[in-house]
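Take a look at the structure below.
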Amino acid sequence: MVQLSPTPGHHPAPRSARAVPADPVAGLAERLEIGAVGPLLTWYHGRARVELSGRTVGSWLAKTVHLMAEEGIGDGDLVYLPVLADRPLHWVSCCWLLACWWSGARPSVRPGDAAAAELAVSGPDASGTDPAVPLVQCSLEPLAGPCSHPVAGAIDFAEALAMPDETPAASPAPAAEIWLRDQTPLTGQDLADRSRIDEAVLVDAEGLVDPEGLRTPAGRIAELLAGCLLGTGSLVLVESLPGDLTLVELAAQEHARRA
């Protein structure tokens, strides 16, 4: 499902004539409808490189939404995403954010929402989650393998692999509602008003720093992801550099501009 490759994938030329979708979910739905094979998310962590096309992201989206539905999570439910707060540059974190947007769930990276949430999603380290709240634990291995140190009672995100690939109909929250409970909330309209991105954008931890202090790194990645879905762009997520490459060299290799 997910390609692990040591060499960069092909980034197609942007189709700038494409009309701007109403919101990021509508943009993702368009990509899924055409079966987009170009990259949407490319992730680097040391020598590991995972490239996910729009079609592959759609497969993970479907499986994640089905996993949420099995736990009774959907429209209006609060989902606490420490995985997104802790590892905003991981492709799994982005897929969980998209699944929340698609299903109309209310994602949050606010620690104060830990006890009020209907579901929590963590990485390998589940500290900070509430034991009374159902937990999905993600290994964050390159190919989303099972957790090596599972938390008792947690759902391993690797179980999503057994879920159907058929994408449920999108039911995003209304534009006026909050689509990410960040330190400064992001509404659907805030995301729909983002400038479209029609190219590959390379982003590392430094690129997620908001000079105005309004957004956490999770909020910044949400804005960049929204921009790519409103346009035809893609994100190159760099948690750590491969080998001796610099960011400038990696950006040139991926034909991407830096965020």
For THR184 and ALA69 in one chain, what is 0.36 nm times their gap in residues minus the Cα-Cα distance, to one decimal in nm? 38.6 nm
How big is the charge dipole of the chain about its Cα centre, in debye rounded to the nearest 20, if each Lys and Arg gets +1 on its Cβ and each Asp and Glu gets -1 on its Cβ? 540
Can you work out D for the range 66-162 in µm² s⁻¹ from Stokes-Einstein, where Rh is the Kirkwood radius over C-alpha pairs, the temperature is 37 °C and the viscosity is 0.692 mPa s? 252
Please give the calculated 222 nm ellipticity per residue for the chain, where each DSSP H segment of at least 4 residues contributes -39500 (n - 2.57) and the sum is spread over every residue; nearest 500 deg cm²/dmol? -8000 deg cm²/dmol
Would you mind estimating how fast the chain diffuses translationally, via Stokes-Einstein at 20 °C and 1.002 mPa s with the Kirkwood radius over Cα pairs, in µm²/s? 119
With +1 at each Lys and Arg Cβ and -1 at each Asp and Glu Cβ, the charge dipole magnitude of the range 117-259 around its Cα centre, to the nearest 20 debye, comes out at 240
Want the number for LEU245 to ILE34: 0.36 nm per residue separation, take away the alpha-carbon distance, what's left? 72.5 nm
Using the C-alpha gyration tensor of the range 179-236, what are the square roots of 5 times its eigenvalues, in whole angstrom, with the largest one first? 18, 15, 8
Could you derive backbone 3J(HN,Hα) for the range 23-28 from the dihedral phi with the Karplus parameters 6.51, -1.76 and 1.60 (θ = phi - 60°), listing whole Hz in sequence and x where the residue is Gly or Pro? 7, x, 5, 4, x, 5
Just the number please: accessible area per residue for the chain, 1.4 Å probe, all protein chains included, in Å². 42
Given R₀ = 25 Å, what would the calculated FRET efficiency be for LEU214 paired with ARG258, taking r from the Cβ atoms and rounding to 0.05? 0.75
Distant-in-sequence amide H partners of SER53 (H built 1.01 Å from N, under 5 Å): LEU40
Its Cα gyration tensor gives the range 36-104 an equivalent ellipsoid whose semi-axes in whole Å, largest first, are 22, 15, 8
The range 117-231: spread of alpha-carbon positions along the three principal axes, whole Å, largest first, is 42, 34, 29
Around GLY153, with a cut-off of 14 angstrom between Cβ atoms, what is the net charge of the other residues, counting Lys and Arg +1 and Asp and Glu -1? -4
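The values are calculated or read from the model by the stated rules, or taken from the named source; none is laboratory data. The shown structure was predicted, so the numbers you read here are calculated from the model rather than taken from an experiment. Cβ atoms come from the backbone with ideal geometry, glycine included; neighbour counts cover every protein chain shown. Heads up: the accessible areas ignore ligands, DNA and RNA and are worked out on the full protein's heavy atoms, side chains in. Shrake-Rupley method; radii C 1.70, N 1.55, O 1.52, S 1.80 Å.
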